[in-house]
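Participant: Provided herewith is a single structure, encoded as structure tokens, for subsequent inquiry.
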Amino acid sequence: MADPTPNNPETPAPQPEAPKPAAPAPAPKAAARAAAKEAPTRRFFLVRFFTSSVAIAWTSFSASMAAMALGTLRFLIPNVLAEPPSQFKAGLPDNFEEDKVTDRFKDQNAWIVRHDGRIYALSTTCTHLGCTPNWLEREAKFKCPCHGSGFYITGINFEGPAPRPLERWAVRIGDDGQIVVDKSKKFQQERGEWSNPESFIKV
Ligand code: FES
């Protein structure tokens, strides 16, 4: 039997443990690839940052320029107001009965009245503070709901705070025989204008 002592030449001497191989250093190509992978991310971020800032600046600039251009246009082009026509046709005189008030044209600021052999158009604006009175058939008067002014069928004020009669619009017979009410001309009783032949139609 062999002697296991170290002096025995047949016994193999214990070998020192071999050092573990160090991890291989990244190959230059792999490092480059990693760097290339990182680079686009940073570049992308920078590009996004600058492009978004520039875009915001351009958008603000364009918006302010557009606002300036619109302001200039508004200044150059005058406002055009679509006003309702001042004249309208009210129908044939025979359609209106004596001592009757026609409410049909109230939304055009006129009552057509046939009274005492005349047809005239009264303004529906109260001469106190501008409310719209109502025609009360049974009481034969216009009554303003705001402060109680009353007007006869002629338009003359007789109660409440209204300081003067209702106004009348110009009326005439048109080419087709219909009554034409012209609100571009008004006639006031207190000025003696109701005797003006343009303020009534004789029937
Ligand atoms: S507005 Fe008609 S009475 Fe005052």
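The values are calculated or read from the model by the stated rules, or taken from the named source; none is laboratory data. Keep in mind it's a predicted model, so treat the numbers as computed, not measured. Virtual Cβ from ideal backbone geometry, glycine too; neighbours counted across all protein chains shown.
Participant: Inspect all residues belonging to the stretch 189-199 and state whether any of them is touching an Asp or Glu at 6+ places or on another chain (Cβ under 9 Å) and assigned to a strand (DSSP E or B).
Facilitator: no
Participant: Free of Cβ contacts under 8 Å to residues at least 40 places away in the same chain, near the ligand (Cβ under 10 Å from one of its atoms) and surrounded by 15 or more Cβ atoms within 10 Å (Cβ to Cβ), is that true of P161?
Facilitator: No: the conditions fail for P161.
Participant: Here's a follow-up. Could you tell me whether any residue of the stretch 104-124 is surrounded by fewer than 18 Cβ atoms within 10 Å (Cβ to Cβ), hydroxyl-bearing (S, T, Y), part of a loop (DSSP other than H, G, I, E, B) and within 16 Å of the ligand (Cβ to nearest atom)?
Facilitator: Checking the stretch 104-124: not a single residue is surrounded by fewer than 18 Cβ atoms within 10 Å (Cβ to Cβ), hydroxyl-bearing (S, T, Y), part of a loop (DSSP other than H, G, I, E, B) and within 16 Å of the ligand (Cβ to nearest atom).
Participant: OK, next. For residues that are in a helix (DSSP H, G or I) and at pLDDT 75 or above, scanning just the stretch 68-102, find the one that is farthest from R168 (Cα to Cα).
Facilitator: Among those residues, the one meeting the criterion is M68.
Participant: If a residue must be aromatic (F, W, Y) and either away from the ligand (no atom under 13 Å from the Cβ) or within 38 Å of the chain's Cα centre (by Cα) (or both), how many such residues does the stretch 140-158 contain?
Facilitator: 2
Participant: Does V171 meet the test of being in contact with a Lys or Arg (Cβ under 7 Å, 6 or more places away or on another chain), under 20 Å from Q87 (Cα atoms) and among the β-branched types (V, I, T)?
Facilitator: The answer is no for V171.
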